[in-house]
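Right, one structure below, let's go through it.
Nothing in this text is a laboratory measurement; each read-out follows from the coordinates by a stated rule. Please read these numbers as outputs of a predicted model, since none were measured by experiment. A quick note on method: Cβ atoms are made from the backbone with ideal geometry, for glycine too, and the neighbour counts reach across all protein chains shown.
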Amino acid sequence: MTRFRALLEGWARGDLHPAPVADLVGFRLVSCAEGEARIELDAGPRHHNPMGIVHGGILCDLADAAMGVALAAALDEGETFATLQLSASYLRSVRDGRLTATGRLVHRGKSVAHAEAEVTDGESRTVARFTSTCLVSRPAPPR
């Protein structure tokens with residue numbers, strides 16, 4: 001089991017403290033497997049924009065975390081990644097309630113990975129869809 005995989009499983013079980021952004025935004029990892037992750041957020045007024053709906057950046061954070069966890073769970077030991085591009089399509093507004101982001105690894109190449117995420121509301125309606133392109137890095141070989 002890789003270091004990332006152990007960290008993610010500990011986070012999902014509640015044994016390990018998540019990344020600081022999870023506390024800031026208020027999301028939690030519900031499940032992760034190689035290439036798939038589910039993250040939830042109980043949205044409310046603290047997540048609102050001036051129009052009284054959940055800010056698009058909050059939805060983006062939620063989806064980005066789900067896609068990142070899906071990829072991290074599939075990394076080999078010593079590999080890391082960085083997001084190169086993230087695209088969002090917002091489909092409906094939401095004020096409050098449980099939001100679920102399901103992230104999936106779509107393609108994993110040697111140095112580039114593609115992921116997607118769907119955010120749904122408590123009635124299983126799609127709120128937004130996201131795609132991401134990530135650069136996968138490996139440690140330099142010893143000299």
Handout entry: 5 angstrom amide H check on Val112, placed H, neighbours 5+ away
Key = Val136
Handout entry: the chain: C-alpha gyration tensor shape, a/c 1.5 cut-off, then a/b vs b/c
Key = prolate
Fill in the blank from the handout: Expressed in angstrom and rounded, the centroid-to-centroid distance over alpha carbons for the range 62-89 and the range 1-52 is 13 Å
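From Cα pairs below 8 angstrom and at least 6 apart in sequence, can you work out the relative contact order of the range 27-130, rounded to a whole percent? Display every interim value, and only then the final one.
On the way: 225 pairs, mean separation 31.9, N = 104.
Relative contact order, the range 27-130: 31 percent.
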Practice task
Can you tell me the 0 to 90 degree angle between the C-alpha axis of helix 56-72 and the longest principal axis of the chain, rounded to 10?
Solution key: 30 degrees
Handout entry: Proximal charge balance of Glu116 [Cβ under 15 Å; K/R count +1, D/E count -1]
Key = +1
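Grab the Cα-Cα distance for Arg98 and Arg28, subtract it from 0.36 nm times how many residues apart they are, and report the gain in nm with one decimal.
On the way: separation 70, 0.36 × 70 = 25.20 nm, distance 1.13 nm.
Taking 0.36 nm per residue and subtracting the Cα distance, the gain is 24.1 nm.
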Exercise for the section: Find out how many positive minus negative residues lie around Arg129, taking Lys and Arg as positive, Asp and Glu as negative, among other residues whose Cβ is under 9 Å from that of Arg129. Expected result: -2
